[in-house]
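Q: Structure incoming, see below.
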Amino acid sequence: MSAAATYTLLEETRQCHEDIERLERLMVREFRKNAVTYREKMEQNYTVSKMMGMIQEKSAKLVGVYEDAHGEREEDIARLRGDRVFENYYRRVEGLKDFYSGGGKGEVMIQGYEEECDQALRPVVEVDKEFSGEEGLGRYMDVMEFYHQWKELHQDGDGSYMDYVKGLDGGHMEAKDALSKVKEVGKYTKYLEDLSGYLASLYERTHPLSDWKEVKATMLGDFEAMWEEELKASWCREVFGDENGVFDLEKYSSVEELEEALGAERLKAVLVSMGLKCGGTARQRAERLMSVKGLSRAEIDPSLFAKGAKKMVKKSDGDVSLDVLKTIAWLEYHVKYMCTKLLEKQWKATLDKLEKRQAQTYDEFVADMEAELEEDRAEDVFADEDEQEDEYLYNPLKLPLGWDGKPIPYWMYKMHGLNHEYSCEICGNATYRGRRAFEKHFTEPRHSAGMKALGIPNTRQFFEITSITEAVNLWNSLQSRKSKLQADNDEEFEDEEGNVYNRKMYENLQRQGI
């Protein structure tokens with residue numbers, strides 16, 4: 001059908017209204033389906049979500065048509081009245097005759113018309129493309145990337161990937177002191193922004209029908225209340241030494257007094273929180289801080305500001321340094337809120353999976369993942385609490401969970417050697433359950449970093465050496481043996497006939513009387 005003949009603006013408007021009504025009926029039909037498995041529920045939610053998006057697009061288009069900014073709708077209506085109304089009418093009739101004549105090109109569909117229209121409007125949903133393989137259609141979290149970022153920031157801390165996931169429910173609030181966080185505010189803030197962004201993305205992908213803006217507004221309101229009640233005083237007390245969050249430079253009359261009262265680390269924290277450069281010695285930091293005494297932010301020399309400080313710290317009429325602390329506290333609260341409330345089931349499921357992996361071989365792990373993806377064996381991970389049967393697992397020995405989510409048999413627990421614990425002083429007295437995990441840890445980055453800190457290469461000679469004293473003694477022994485061997489090879493002797501030998505060969509020939 002030609003555009004002139006059929007697709008007037010009024011026809012397009014009517015078509016949009018019809019599509020909206022069809023989409024609403026399709027959404028009702030979709031919700032009436034009994035989605036049993038987890039995959040079916042996810043596909044149902046994504047289908048309805050896309051239909052809602054299509055309704056919003058068509059509604060926005062209709063709003064533009066009815067506002068009629070360019071007068072097109074008024075012109076289209078004018079064609080239906082006036083002196084040339086019959087001329088326009090017959091012209092459209094001729095166009096319709098031409099379209100529906102010849103070769104069945106314009107064949108009118110009566111039977112199955114409704115089904116054809118519904119099928120054309122139904123969106124195509126591919127849930128698998130929304131999640132990574134490790135996320136398992138949104139059943140689990142995939143935070144390995146952020147675990148490596150955390151280890152770079154927290155090099156002095158111990159803990160495996162499982163320990164890191166366990167600590168996410170606290171949002172790192174207790175992991176480091178406030179001064180350490182402010183000292184590394186750039187990297188730490190970037191890490192928290194990436195992590196909170198991933199968690200928000202995971203929530204949106206697992207809850208396509210939820211309004212993330214509304215959820216975030218609720219979360220922000222809870223944080224504001226907690227900030228005023230307790231977090232603000234705690235942060236300000238640790239960083240500034242004052243619960244009001246105001247660092248009073250007026251109390252200090254000289255650079256020496258400021259340096260002695262605060263020290264290098266607190267000086268750096270205060271400078272960073274104010275967006276100023278924080279390098280140099282303690283004296284240089286104190287001089288830089290004293291130079292801004294009595295000045296507003298606009299009056300401070302721009303060369304004193306750190307690179308990117310204006311982007312990191314939002315401008316306001318209040319104390320700028322307090323905004324830095326509030327930003328860090330908000331991001332930590334964001335992570336904690338997501339893991340303990342919005343994504344609690346995914347967080348717990350991830351911990352269960354990591355615990356289960358400790359007792360699995362690689363083949364068992366691959367088979368378990370394939371079973372989850374193909375058979376939807378974990379279909380009730382996100383079912384409502386009232387839909388789940390409360391099953392109490394009797395596990396007094398705290399045995400690892402097997403592939404079925406239940407504690408493994410005790411004989412298997414002993415067969416894998418999980419009843420034996422091995423500690424490693426080089427790894428910060430970390431404990432490993434089972435011989436397999438203990439032997440594997442000697443090649444992991446954590447043990448290598450401990451050996452590197454001692455100035456010892458992580459070679460085969462130090463395999464199963466867990467004591468720092470033993471490792472140092474063995475290293476000294478190897479070094480002395482190496483120096484002695486090198487001396488024996490480098491020192492040369494000459495016999496009566498002028499033949500040159502190394503020390504070892506010369507002494508052997510001398511003992512033989514040659």
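The values are calculated or read from the model by the stated rules, or taken from the named source; none is laboratory data. Please read all numbers here as calculations on a predicted model, not as lab measurements. So basically every Cβ, Gly included, is an ideal-geometry build from the backbone, and we count neighbours across all protein chains shown. Note: accessible area is taken over every heavy atom of the protein model, side chains too, but ligands, DNA and RNA are not part of it. Shrake-Rupley method; radii C 1.70, N 1.55, O 1.52, S 1.80 Å.
Q: When residues of region 125-150 are filtered for being of a type in the set (S, T, N, Q) and surrounded by fewer than 14 Cβ atoms within 10 Å (Cβ to Cβ), how many remain?
A: Here the count works out to 1.
Q: Looking at region 33-51, which of its residues are surrounded by fewer than 15 Cβ atoms within 10 Å (Cβ to Cβ) and touching a helix residue (DSSP H, G or I) at 6+ places or on another chain (Cβ under 8 Å)?
A: LYS33
Q: Go through region 399-415 and give me each residue that's in contact (Cβ under 8 Å) with a residue 40 or more places away in the chain, open to solvent by less than 80 Å² (accessible area, probe 1.4 Å) and in a loop (DSSP other than H, G, I, E, B).
A: If the condition is that a residue be in contact (Cβ under 8 Å) with a residue 40 or more places away in the chain, open to solvent by less than 80 Å² (accessible area, probe 1.4 Å) and in a loop (DSSP other than H, G, I, E, B), then PRO400, GLY402, GLY405, ILE408 are the ones that fit.
Q: Within region 287-335, can you find the residues that are open to solvent by 30 Å² or more (accessible area, probe 1.4 Å), modelled with pLDDT of 75 or more and under 35 Å from the mean Cα position of the chain (by Cα)?
A: Hits for region 287-335 are LYS326, THR327, TRP330.
Q: Related question: Exactly one condition in (1) more than 36 Å from the chain's Cα centre (by Cα); (2) open to solvent by 50 Å² or more (accessible area, probe 1.4 Å) is false for ASP495; which is it?
A: Single failed check for ASP495: (2).
Q: Do you know which of the residues in region 128-168 that are in a helix (DSSP H, G or I) and over 23 Å from CYS339 (Cβ atoms) is modelled with the highest pLDDT?
A: Among those residues, the one meeting the criterion is LYS129.
Q: Being at pLDDT 85 or above, among the small types (Gly, Ala, Ser) and surrounded by 19 or more Cβ atoms within 10 Å (Cβ to Cβ), is that true of even one residue in region 452-468?
A: Checked region 452-468: no residue is at pLDDT 85 or above, among the small types (Gly, Ala, Ser) and surrounded by 19 or more Cβ atoms within 10 Å (Cβ to Cβ).
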